[in-house]
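The values are calculated or read from the model by the stated rules, or taken from the named source; none is laboratory data. Please read these numbers as outputs of a predicted model, since none were measured by experiment. So basically every Cβ, Gly included, is an ideal-geometry build from the backbone, and we count neighbours across all protein chains shown.
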């Protein structure tokens with residue numbers, strides 16, 4: 001990652017984003033959220049551009065719990081930091097960096113995660129929609145552009161996902177619903193710039209089998225250093241396989257044993273699939289996986305309707 005800024009000092013702000021489960025049944029089941037420490041951004045003043053990369057990594061590390069850092073995958077060093085622009089609203093250059101974190105990070109320090117775009121209907125006195133500060137508006141604009149031009153929406157999701165969760169990424173970033181049938185039709189036919197379909201359907205039974213095997217393997221490994229196999233078995237039996245990935249129910253399940261909630265949630269990272277709001281009944285969901293591992297340009301831009309503007313007094317999209 002290179003930067004050509006030449007100045008005596010500048011500010012670096014890192015805005016990690018991830019999908020967080022929303023307990024409000026009237027809202028999308030998952031919403032793009034950002035990490036902050038209280039009312040503060042993850043930010044640091046640096047002397048020159050040569051220190052930006054190290055400062056960015058150090059700030060990003062503060063958002064990633066230790067339970068998600070393993071020998072096989074260290075999010076701090078492997079997740080790319082993306083340049084979302086420079087904010088000058090404070091009077092000095094503020095380099096904005098952002099990164100997509102795994103969905104499971106929001107199971108930890110959930111209170112530190114806030115929706116990037118306020119829910120529709122959120123108003124200030126006088127009935128106006130809540131205005132976004134310049135940093136938040138700039139990050140939201142960056143990710144909106146990425147979602148319309150590239151396959152970035154899939155970066156927010158684990159290995160397997162239903163179409164409804166891809167749709168939730170778009171809905172939470174635009175603050176407006178996307179027609180289900182139209183979105184499903186687009187998702188299953190969308191192609192990247194090389195003409196490759198961006199995702200393919202996967203058989204439900206194979207998704208669940210892989211998720212459960214990974215869950216059992218990781219939880220057993222975690223339990224072997226804490227409470228032993230008995231506890232691991234108890235927790236594994238308590239997990240309802242119809243709840244996929246991380247969820248509030250699974251976190252609360254740690255109360256059944258002495259394994260800390262963080263260990264249970266950390267083990268669930270290995271289950272590879274998305275959080276799901278409720279018990280699955282009737283026909284199993286259609287699961288998909290991305291066909292290209294890295295982000296790619298879309299052959300045709302995705303047109304979001306309706307277009308909900310970003311309310312900011314100082315940020316120009």
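Could you tell me which of the residues 42, 96, 81 is in contact with a helix residue (DSSP H, G or I) (Cβ under 6 Å, 6 or more places away or on another chain), more than 24 Å from residue 295 (Cα to Cα), surrounded by 13 or more Cβ atoms within 10 Å (Cβ to Cβ) and modelled with pLDDT of 90 or more?
42
Taking the criterion of being more than 25 Å from residue 11 (Cα to Cα) and not in a loop (DSSP other than H, G, I, E, B), the residues of the range 70-116 that qualify are 74, 103, 104, 105, 106, 107, 110, 111. Taking helices (runs of 4 or more DSSP H) as the structural unit, those lying wholly within the range 117-200 and holding at least 1 residues that are modelled with pLDDT of 95 or more and crowded, with 20+ Cβ neighbours inside 10 Å correspond to 134-149. Within the range 158-173, none of the residues are free of Cβ contacts under 8 Å to residues at least 12 places away in the same chain and assigned by TED's automatic domain parsing to the domain that holds residue 136.
One line per residue, one yes/no per condition, for (1) over 22 Å from the mean Cα position of the chain (by Cα); (2) over 20 Å from residue 16 (Cα atoms):
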position	(1), (2)
149	no, yes
172	no, no
175	no, no
181	yes, yes
189	yes, yes
195	yes, yes
